[in-house]
Amino acid sequence: MSKYLSVTLTTTVGETTVVSQRLVRADGVSYCGLGGDSSISIYYYDGGKCRIASAAALDDNDSIAVQSALISAAQSKWSQIVTKCPTLSEPVDSIASVTA
């Protein structure tokens, strides 16, 4: 059974701000860290990857928060499938996943 991290996604359409939750796979993670473009990159053992980005730069503390949430999700009991990611320092406006 897969585990997921629930990340808050904030998008603006015209003058309306839409806040939603996006699920990011939390199992099979081989690496999670801050990318060169100040986004958070998650790489999976199966070759997949995920990029969490903001219009403003995310920082090391955000990367550590996501890493900690991924570890918490992996260590939670199997009846808990979704773990909430803490709020990051800047609003997340893009989550892109690529499967292998």
Discussion item. Amide H of residue 54 versus every other amide H placed in the peptide plane: which residues, excluding those fewer than 5 positions away on the same chain, fall under 5 Å?
Written reply: 93
Worksheet item: Counting other Cβ atoms within 10 Å of each Cβ, which trypsin sites (Lys or Arg not before Pro) in the range 16-100 have at most 10 and sit in a DSSP loop?
Response: 77
Item to complete: Could you run the Karplus curve 6.51 cos²θ - 1.76 cosθ + 1.60 with θ = phi - 60° over the range 67-84 and give me ³J(HN,Hα) per residue in whole Hz, x for Gly and Pro?
Response: 4, 4, 5, 5, 5, 4, 5, 5, 8, 6, 5, 5, 6, 9, 8, 10, 10, 7
Item to complete: Along Cα→Cβ, 7 Å out, is where each label goes; now give me the distance between the ones at residue 18 and residue 84 in nm to one decimal.
Response: 2.2
Item to complete: May I ask you to work out the translational diffusion coefficient for the range 4-98 at 10 °C, viscosity 1.306 mPa s, via Stokes-Einstein with Rh from the Kirkwood sum over Cα pairs, reported in whole µm²/s?
Response: 118
Item to complete: Rounding to the nearest 20 debye, state how big the charge dipole of the range 4-98 is about its Cα centre with +1 on each Lys and Arg Cβ and -1 on each Asp and Glu Cβ.
Response: 400
Worksheet entry | Coil-residue chymotrypsin sites (Phe, Trp or Tyr not before Pro) of the range 29-66, DSSP, other Cβ within 10 Å capped at 12 | 45
Response to the item:
In the neighbourhood of residue 93 defined by beta carbon distances under 15 Å, the net charge of the other residues (Lys, Arg +1; Asp, Glu -1) is -1
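The numbers here are math on the coordinates, done by the rules we state, and not lab data. As the structure is a prediction and not an experimental result, all values here were calculated from the model. Quick reminder, even Gly has a Cβ in these numbers, built from the backbone with ideal geometry, and neighbours come from all protein chains shown.
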